[in-house]
Amino acid sequence: MYEWAISANDIYRRFGSLEVLKGVSIKVAKGKMVAIVGKSGSGKSTLLHILGTLDSPDGGDVAICGIPVNGLSPKKLAALRSQYLGFVFQFHHLLPEFTALENIAMPALITGMKKKDAFKRAHELLGYLSLENRSTHKPNQLSGGEQQRVAIGRALMNEPDIILADEPSGNLDTETSIQVHNLLRKITTDMGKSLVIVTHNADLAALSDTIYEMKDGVLVAEKNQSVISG
Ligand SMILES: Nc1ncnc2c1ncn2[C@@H]1O[C@H](COP(=O)(O)OP(=O)(O)O)[C@@H](O)[C@H]1O
Ligand SMILES: [Mg+2]
C-alpha cells in the first residue's frame, strides 16, 4: 500500500531559457479528484506530463503510488505507466480504423491480454459508459462526447490507480463538457481512482475535492472543497 497516489516535490522544468515550472509540489491522495486551473501557457500540461512520467523534470522528485520514478529506464517507465496511469487528452487520439470496442481494448491487447478477455472487459466498460450500442462504431461515427467517453474507457482498460486528464472537455460544448466531468467524478468515487484534471473551466473544476491554480509556473492557490462536498 502507498500513502499518496501522486507525490511530486519541488518540480522544475525549463525549455531553453523559458522556465516553465518553478518549484511545484503537489500530492494527490487515493480516491481524490484534483483540478488544476490556470491561464493558457501557465504550465499545466507540462506539469501533467511530468506527473504522468511522459516528461522528466529538471529538478524535483515524482513518486507514483509510492514508486520513485526518477532514474527508471524507459522500459520500466512504460511498464509503470501501463500499470498505474490512464490518460485522457483534449483530443481523443482514438485510432480511426478501429471500432469503439477495439479502441477501449487496445491498452490491454498491447500488454498481452488474451483477445477474448480484453474484449469481455471492453464490453463491460462500454456498458458502464452507456455506449453498449456503439461498440462497432468507428470514431468518426461517434459524437464528440461519445468519442471522449471511449477515450475514458481506454484509459480505464488496464485498471489504473490514477487518471490524468488534460482539458478533456476543451473541445466539447457546455452540456457535453458537464457530462464528461460528471462521468470523471463518478469514476473517481465509484472505482476509488485518483484523478488529476486540467481545465480552464472554474465551474467544472468545482466538482473536484481540491482545486489548484497554476500561475507562471507555480501553484498559487489551493481550495479544499471537502467541507462543502462532504
Ligand atoms: N516541449 C516544449 N518546448 C518548448 N516550450 C514548451 C514545450 N512545452 C511547453 N512549452 C512552453 O511552456 C509554457 C507552458 O506550456 P503548457 O504547459 O502547455 O501550458 P498550459 O497547458 O498551461 O497552457 C508555454 O510557454 C509553452 O509554449
Ligand atoms: Mg495545456
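Laboratory data are not the source of any read-out in this text; all were calculated from the coordinates shown. Keep in mind that this is a model prediction, so the values were computed, not measured. Here the Cβ positions follow ideal geometry from the backbone for every residue, glycine too, while neighbour counts run over all protein chains shown.
Details
- Helix 174-191 axis versus longest C-alpha principal axis of the chain: approximately 90°, rounded to the nearest ten.
- Summary: within the chain, the longest segment free of GluC sites (Glu not before Pro) located in DSSP loops with at most 16 other C-beta atoms within 10 Å is 98-230.
- Of all DSSP beta bridges in the chain, antiparallel share, percent nearest 5: 55 percent
- Basic side chains Lys and Arg get +1 at the Cβ, acidic Asp and Glu get -1 at the Cβ, and with that the dipole of the chain about its Cα centre reaches some 520 debye.
- For the pair Phe91 and Ser17, the difference between a 0.36 nm per residue extended length and the Cα-Cα distance amounts to 23.7 nm.
- For region 4-229, the relative contact order is 30 percent, taking Cα pairs closer than 8 Å that sit 6 or more residues apart in sequence and dividing their mean separation by the residue count.
- Calculated FRET efficiency for the pair Ser143/Lys115, C-beta based, R₀ 25 Å, to 0.05: 0.35
- Under a model in which nothing but the beta-carbon of Lys, Arg (+1) and Asp, Glu (-1) is charged, region 53-162 shows a dipole of about 420 debye around its Cα centre.
- Residue-count net charge about Ala29 - beta-carbon cut-off 15 Å; Lys, Arg +1, Asp, Glu -1: 0
- Straight Cα distances below 24 angstrom link Lys186 to the lysines Lys27, Lys30, Lys32, Lys44, Lys120, Lys223, with same-chain residues fewer than 8 positions distant left out.
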